[in-house]
Structure formats: structure tokens, C-alpha cells
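One structure is given below, encoded as C-alpha cells.
The values are calculated or read from the model by the stated rules, or taken from the named source; none is laboratory data. Since the model is a prediction, treat every value here as computed from it, not as a measurement. Note: ideal-geometry Cβ built from the backbone for every residue, glycine included; neighbour counts use all protein chains shown.
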């Protein structure tokens, strides 16, 4: 149990600064370089979604790794699929609201989505390959 807690704390020690850095970068870009464009979702909502989704996926992976080590890869694929569904549900109000240009809103969501996906994949592979 202590090892699981240490893994989660080490993950959070990297996830939190990454989230803060990406949030600040996107916030500055949106509020100063793209100030004429009105985004549907505020930047903090996008990053709260990504932070909690990423942490929840890693938490599930660590729990499965410690109980069913050989199923961790399948759990990652399933959790990634559920995250995609959650992203669609998160974006549905914007997609159904036909005002403005959805392309900028989609970019402001999916650029961090794929950055977090790379981050999750890196940590999932490290977890799966751990001895």
C-alpha cells in the first residue's frame, strides 16, 4: 500500500507542475494573443478536466497493477477509451451550440488532450515495464 501511495505521489509531483505550466501558457496565449476570439470553455475548465481525468486513469492503472499485474495494459486501453467518451460528453454542449467557430475551441481542448495522452502513455509504459 505504501508503494502505491509513493507511485501516486511521484506521479502527482510531475502532473501538477505540468498542468500549471500548460495552463499558464494557454491562458496567456488565449487572453493576450487571441483576445478577440471568444472561447466557449474557459481555460481552467479544460485543464481541470485533463488533470482529473489523467490522475484518475493513473490511479486506476496503479490499482490494477498491484492487483492484476498482467491486465494493466488492457486497463490502460479501456481507461483511454473512457477518457475519449468523457471528452465527447465534455465537448457536447459546445458542439451542439452552433454559435461561433468551433475549430478554435476544439484546438484549445485537443492540443492539451494529446499532450496529456502522451504523458499518460509514458507513465503507463513505465508502470507496465516495472519489475
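Go through region 83-113 residue by residue and tally those that are more than 18 Å from residue 47 (Cβ to Cβ) and touching a helix residue (DSSP H, G or I) at 6+ places or on another chain (Cβ under 7 Å).
Qualifying residue count, region 83-113: 2.
Condition first: closer than 26 Å to residue 6 by Cα, assigned to a helix (DSSP H, G or I) and at pLDDT 95 or above. Can you find one or more residues in region 86-101 that meet it?
no
When you scan region 74-81, do you find a residue that is without any contact (Cβ under 8 Å) to a residue 60 or more places away in the chain, in contact with a helix residue (DSSP H, G or I) (Cβ under 9 Å, 6 or more places away or on another chain), loosely packed, with under 12 Cβ neighbours inside 10 Å and outside any helix (DSSP H, G or I), even just one?
For region 74-81, residues without any contact (Cβ under 8 Å) to a residue 60 or more places away in the chain, in contact with a helix residue (DSSP H, G or I) (Cβ under 9 Å, 6 or more places away or on another chain), loosely packed, with under 12 Cβ neighbours inside 10 Å and outside any helix (DSSP H, G or I): absent.
Does region 26-44 hold any residues that are more than 16 Å from the chain's Cα centre (by Cα) and in a helix (DSSP H, G or I), and which are they?
Across region 26-44, the qualifying residues are 27, 28, 29, 30, 31, 32, 33.
Each row is one residue, and each column tells you yes or no for (1) under 29 Å from residue 125 (Cβ atoms); (2) touching a strand residue (DSSP E or B) at 6+ places or on another chain (Cβ under 6 Å); (3) surrounded by fewer than 18 Cβ atoms within 10 Å (Cβ to Cβ).
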position: 5; (1), (2), (3): yes, no, yes
position: 35; (1), (2), (3): no, no, yes
position: 44; (1), (2), (3): no, no, yes
position: 55; (1), (2), (3): yes, no, yes
position: 65; (1), (2), (3): yes, no, no
